[in-house]
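Below you'll find the structure, written out as structure tokens, and then a few comments.
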Amino acid sequence: MDNAKTALITGASRGIGAAIARALARDGFDLWLNYRSDHEAAAAVQRSVEEAGRRCKLLPFDVADGDAVKAALEPALEEEVPFALVNNAGFARDALLVWMSQQEWRDVLAVHLDGFYSVTKLVVAAMLRKRRGRIVNVVSTSGQSGIPGQVNYSAAKAGLIGATKALAAEVAKRNILVNAVSPGFIETDMTKNLPLDRILPMIPLGRLGTPEEAAGAVAFLCSDRATYITGQVIAVNGGTYM
Ligand code: NAP
């Protein structure tokens, strides 16, 4: 099925990942939908993808657990090689550095950086054989500007931006394009407890972004309109960081 396009999206049961799934389904992609634990939410996203006329395989695993990633992805990759990989799974564990536990530091680096490593290493090996592919890493304004209370998260996302550029240079000759989308404050579970009165003045557009607005940039980078873009960071942040 070389002409069918499949996309693997990590962390796609809710929020930005779920919006990416719906956007890519509308663009004609079949999906492999990863998430960690929320089976009900993932099944609801699966239903909306199938209503759009696309296939959707659920692949629950913890991206930070290298063995679990291998167990889920190796058999799937023997059947088919996705055209696109979106590394989106993630969470924050905010604390000022002086109060930050080693666990909070490690968990955040593990989900974003170990997760990127384990998933991408397997998928890119298969893409290299096909000589085509798109990889989009969902990073954050926090990794570009630094945000107090997020030393762990800023370090992880800045690391992912570096990895995006290095990998883009490694695989360009095989027609694999690697980019990052950097959302600012987006309305999801991750931001629902933030103090809006303090956040909104930081956003020139004066509002939070929607998951669909972040997903639009990812869908563009996975599309035929983005064939000469690699190693870039596209910000979707309402002007928060320019
Ligand atoms: P969210 O609503 O909290 O959703 C997080 C998703 O990631 C869920 O599907 C969750 O699955 C999954 N997930 C979490 N840990 C995982 C793991 N270890 N393995 C596999 N899946 C895992 O978050 P979001 O706001 O959409 O954020 C998505 C991405 O955008 C993250 O990388 C985040 O850092 C980035 N981002 C968000 C914002 C924002 O303002 N919201 C801004 C910049 C960047 P389960 O539900 O099954 O746990």
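Kindly state, to the nearest 0.05, the FRET efficiency for Val233 paired with Glu170, given R0 = 22 Å and r defined as their beta-carbon distance.
Taking R0 as 22 Å, the efficiency between Val233 and Glu170 is 0.80.
Would you check the accessible area of Asp189, probe 1.4 Å, heavy atoms only, in square angstrom rounded to 10?
About 80 Å², rounded to the nearest 10.
Taking the alpha-carbon centroid of each part, what is the distance from the range 7-25 to the range 137-214 in angstrom?
Each part's Cα centre sits 16 Å from the other's.
Compute the accessible area per residue over the range 6-236, keeping the other protein chains in place, probe 1.4 Å, unit Å².
That works out to 47 Å² for each residue.
Using only Cα atoms, tell me the angle between helix 115-130 and the longest principal axis of the chain; keep it within 0 to 90° and round to the nearest 10.
Helix 115-130 sits at roughly 30 degrees to that axis.
Which cross-chain or sequence-distant (5 or more) residues have an amide H under 5 Å from the amide H of Cys56, H modelled 1.01 Å from N in plane?
When sequence neighbours closer than 5 places are left aside, the close amide H contacts are Leu31.
Of the heavy-atom accessible surface of the chain (probe 1.4 angstrom), what whole percent is carbon and sulfur?
Exposed carbon and sulfur together represent 52 percent of the surface.
By how many degrees, 0 to 90 and rounded to 10, does the Cα axis of helix 211-221 deviate from the longest principal axis of the chain?
For helix 211-221, the angle is close to 50 degrees.
Helix 15-26 versus the longest principal axis of the chain: what angle, 0 to 90°, nearest 10, using Cα atoms?
Between helix and principal axis, roughly 30 degrees.
So how strong a dipole does the range 1-73 carry about its Cα centre when Lys and Arg Cβ are +1 and Asp and Glu Cβ are -1, to the nearest 20 debye?
200 debye
The values are calculated or read from the model by the stated rules, or taken from the named source; none is laboratory data. These figures come from a predicted structure and were not determined experimentally. With ideal geometry, Cβ positions are generated from the backbone for all residues, glycine too; neighbour counts draw on all protein chains shown. Accessible surface areas use protein heavy atoms only, side chains included; no ligands, DNA or RNA. Shrake-Rupley method; radii C 1.70, N 1.55, O 1.52, S 1.80 Å.
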